[in-house]
Amino acid sequence: MKLNFNIQPLSSWMKVSKEPLLIAGPCSAETEEQLVATAHLLAATGRVSALRAGIWKPRTRPGEFEGIGSIGLEWLKRAKAETGLPVAVEVATAKHVEEALAAGVDILWVGARSTANPFTVQEIADALKGHDVPVIVKNPVNPDLSLWIGALERINNAGITKLAAIHRGFSSHEKSAFRNEPMWDLAISLKTHAPDLPIICDPSHICGNRELIPYIAQKALDLDMQGLIIESHIDPSVAWTDAKQQLTPSALNDIMERLEVRKAAAGTTEVKDKLAELRAGIDKIDDLLIQKVAERMQIVEKIGNYKKENGITILQVNRWEEILNKRITYGSALKLSKEFTEKFLELIHSESIRKQTEIMNKDGVAGSQQEHLTHA
Ligand code: PEP
Ligand code: MN
């Protein structure tokens, strides 16, 4: 299925300061000083092509900070006038669209919660009719490619030709290292259906923490995404929203400096080189392996804490043997040698032991129990 979007190339509406394209700014505009000072530091890096800031914030629970509201538009005007950076805000209603356009906002984005609701998207699309403004559409909260495509189509049908998608990850019931599962396959699928539609990756909302951002940002570039949107705050420790995932402008600059833009990397729509294609498959699986091992360790830690809190001393002498036997049998069925599976599991097991020993030794718990408490 090829999708026919009537769009203009990204380069016709976004002046890229430096490759890769970077849109950055705070999750929320909080005060005029916070916004303007952050904007100045971001502009000074010379890497930022547009300033983002949420002024109407969709929050999961009422009572949380729901955005500073329309006054923030005045602050954005000032930030833009002083730095020369185009500005982007999230719009979720027709009124937001009207106010943002009246204030000269350069780029509008549709948030993940809005994309999940076709009524909301249609309301936004109707308000956009007759305006020539760039709009970027985040993927919906839930992993539903059709909803994402549908939102892009509604906006495009309203006459918006300066259009791009944002990949910000998807809600999942499975606990993982990410706040929102990347589910790269969905973004790749959108790219396959609409090769000309630019996709910008939002590592901040995928990760939910600062530490993983460089990996997701690099992966997005390796998958040939057109740019990044990353949250940056002058002092993340006191941010009113998404504090854990925001970066200072200088930390963001460091990350950007280290990213590699591989022009002819595997990710071009036609991968001619078989070896590159196979390697891309291995990279994907290795990423998953690391992710899954990390998730296993998180459970190991939970078991360690649980046993410690409950003073459990029940021996689990058979647990490790059972793990080994079951996995070796499964591995053999999948054509892995017994020696390999055993070595692989031993390695994971010894790390589990190290982790649980650490937990047990915190605040001085008797070492004699450790051996039996670690067979996760
Ligand atoms: C945001 O960009 O701050 C935001 C609310 O993101 P999302 O819609 O992706 O949750
Ligand atoms: Mn945010």
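The values are calculated or read from the model by the stated rules, or taken from the named source; none is laboratory data. The model shown is predicted, which means the values in this text are computed figures rather than measured ones. Cβ coordinates were reconstructed from backbone atoms using ideal geometry, including for glycine residues, and neighbour counts include every protein chain displayed. Heads up: the accessible areas ignore ligands, DNA and RNA and are worked out on the full protein's heavy atoms, side chains in. Shrake-Rupley method; radii C 1.70, N 1.55, O 1.52, S 1.80 Å.
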**Report entry** Low-density loop cleavage sites - trypsin sites (Lys or Arg not before Pro) in the range 134-188, where at most 12 other Cβ are within 10 Å (DSSP)
**Finding:** Lys175
Report summary line: Between Asp185 and Glu358, the two model label points (7 Å from Cα along the beta-carbon direction) sit apart by a distance in nm of 3.2
Report task. Would you mind giving the average projected area, over all directions, of the Cα convex hull of the chain in nm² with one decimal? Result -> 22.2
Report summary line: With the 8 Å Cα cutoff and a minimum separation of six or more residues, the range 178-269 has a relative contact order in percent of 29
Query - Helix-derived mean residue ellipticity, 222 nm - over the chain, DSSP H n ≥ 4, -39500 (n - 2.57), to 500 - result: -15500 deg cm²/dmol
Query raised in the report: At a 1.4 Å probe radius, carbon and sulfur cover how many percent of the accessible area of the chain?
Result: 55
Query raised in the report: Which number do you get for Rg(Cα) / (2.2 N^0.38 Å) in the range 170-230?
Result: 1.10
**Report entry** DSSP loop GluC sites (Glu not before Pro) with at most 12 other Cβ within 10 Å: longest gap in the chain
**Finding:** 65-173
**Report entry** Around Phe5: net Lys/Arg minus Asp/Glu count, Cβ-Cβ under 15 Å
**Finding:** +2
Query raised in the report: Taking 0.36 nm per intervening residue step and subtracting the Cα-Cα distance, what contour gain separates Lys335 from Asp132 on full extension?
Result: 67.3 nm
**Report entry** Proximal aspartates and glutamates to Lys175, defined as alpha-carbon separation beneath 12 angstrom and excluding residues fewer than eight positions away on the same chain
**Finding:** Glu295
Report summary line: Within the chain, the percent of DSSP beta bridges that are antiparallel, given to the nearest 5, stands at 5
**Report entry** Heavy-atom accessible area per residue - the chain, 1.4 Å, Å²
**Finding:** 50
Requested in this report: Mind jotting down the distance between the C-alpha centroids of the range 124-140 and the range 272-338, whole Å?
Outcome: 45
Requested in this report: Once you've got the Cα coordinates, tell me which of Lys18/Lys191; Lys80/Lys191; Lys15/Lys274; Lys244/Lys274; Lys191/Lys302 are over 30 Å apart.
Outcome: Lys80/Lys191; Lys15/Lys274; Lys244/Lys274; Lys191/Lys302
**Report entry** Separation of the Leu101 and Arg279 label points, Cα + 7 Å toward Cβ, nm
**Finding:** 4.8
Report summary line: So, relative contact order of the chain in percent, Cα under 8 Å, 6 or more apart, is 13
